[in-house]
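Student: Please see the structure below; I have some questions.
Just so you know, all these numbers are worked out from the coordinates, no wet-lab data involved. Please read all numbers here as calculations on a predicted model, not as lab measurements. Methodologically, a virtual Cβ is constructed for each residue, glycine included, from the backbone with ideal geometry; neighbour enumeration extends over all protein chains shown.
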Amino acid sequence: MKYRLKGITLDELSVVDRGANPGAKIALYKRQGDLMDDMTEGQKAKMKEYMDKGYSEEEAMKMCMTETKKGGDMDPQELAVKLEALEGQVADLTKRAEGAEAAKAELEKAAGEAGFDIKEGKLEKRADPEYVEFAGEKVEKSAIPAAVLKALETQTQEVAVMKAKEAEVALAKRGADELPHLAGTDLAKGKLLEAIGDNADILGALKAADAAVAKSMEEIGSNPLNDEASASFRLNKMATEFADEHKVQFESAYAEVTKSGEGLRLMNEARAEGK
């Protein structure tokens, strides 16, 4: 028959080489001082309730301690202390988190000013921005709405075309003014002068050639080229007009207009005039 012994107080424990009852089991607790000193008022009241129900002091104490571990009664004052400690920890963590956010913001700002972006904890070099010119000012493309940007680009292209045409008109005028007697279109002569630039030797040679052509035209008063009624004059005029219209050299225009039709007839007449 098995027995459970309760309410036993042990005054001494001795270790032996051979126990008298090897099958016996005992739960033993040992600590410094009295457990009652560390118990809260709520735990003590609970322990008293257990002892009133017939449990021994050790059993009641064990049950109270077990309930405490499982989240049983807690003294309000102790709970307040723990809550205050937790609030302090939360405040400290909040302050540290705010500091970390501020440091992160400063780092992102510094990186952005240096032309870098922070992605997944890594610095990436930002692509150089593209600019468009508007009203004499450079504006970043990304800051302009797509519709406005398209309109600006179209306007820029139109302005470029207009400027190119204006440049051609200016070159043609220069060719007509500086080399009026040389063969070729005014635009071709203007482009030739532009290509020469500040080369005084070549420019002087061209102007001398132009002057020689003018002088020869004056000296040969009977030259058919000076007679508006002659075939040579009319053919030369036809070739000049063709060259101006199609933006080609006078020689190329002359070859085109004399292939057939009126130009071919005038060329044959001009040859007869020269005989």
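Student: If the chain between GLN89 and THR66 were fully stretched, how many nm would it gain, using 0.36 nm times the residue separation less the Cα-Cα distance? Display every interim value, and only then the final one.
Tutor: Numbers: separation 23, 0.36 × 23 = 8.28 nm, distance 2.76 nm.
Using 0.36 nm per residue and subtracting the Cα-Cα distance, I get 5.5 nm.
Student: Of LYS25/LYS48; LYS189/LYS215; LYS165/LYS189, which ones are farther than 23 Å apart at the Cα?
Tutor: LYS25/LYS48
Student: Using modelled amide H (1.01 Å from N, peptide plane; none on Pro or chain starts), what sits under 5 Å from the amide H of PHE116, excluding residues fewer than 5 places away?
Tutor: ARG126
Student: Now, a different point. Could you tell me which of the pairs LYS191/LYS259; LYS46/LYS95; LYS6/LYS44 are separated by over 32 angstrom between their Cα atoms in the structure shown?
Tutor: LYS46/LYS95
Student: Could you tell me the calculated FRET efficiency between ALA146 and ALA100, based on Cβ-Cβ distance and R0 = 35 angstrom, to the nearest 0.05?
Tutor: 0.35
Student: Once every Cα of segment 140-219 carries one equal point scatterer and solvent is ignored, give the base-10 log of I(q)/I(0) from the Debye formula at q = 0.19, 0.20, 0.21, 0.27 Å⁻¹, two decimals.
Tutor: Summing over Cα pairs of segment 140-219 leads to -0.81, -0.86, -0.91, -1.19.
Student: Just to check, using Stokes-Einstein with a Kirkwood Rh over alpha carbon pairs, what's the diffusion coefficient of segment 76-116 at 37 °C and 0.692 mPa s in µm²/s?
Tutor: Once the numbers are plugged in, D ends up at 266 µm²/s.
Student: Which FRET efficiency value, to the nearest 0.05, do you get for ALA208 and GLN155 by plugging their Cβ-Cβ distance into 1/(1 + (r/R0)^6) with R0 = 35 Å? The partial results should precede the final answer.
Tutor: On the way: r = 45 Å, r/R0 = 1.30.
Step by step, r from the Cβ atoms, then E = 0.15.
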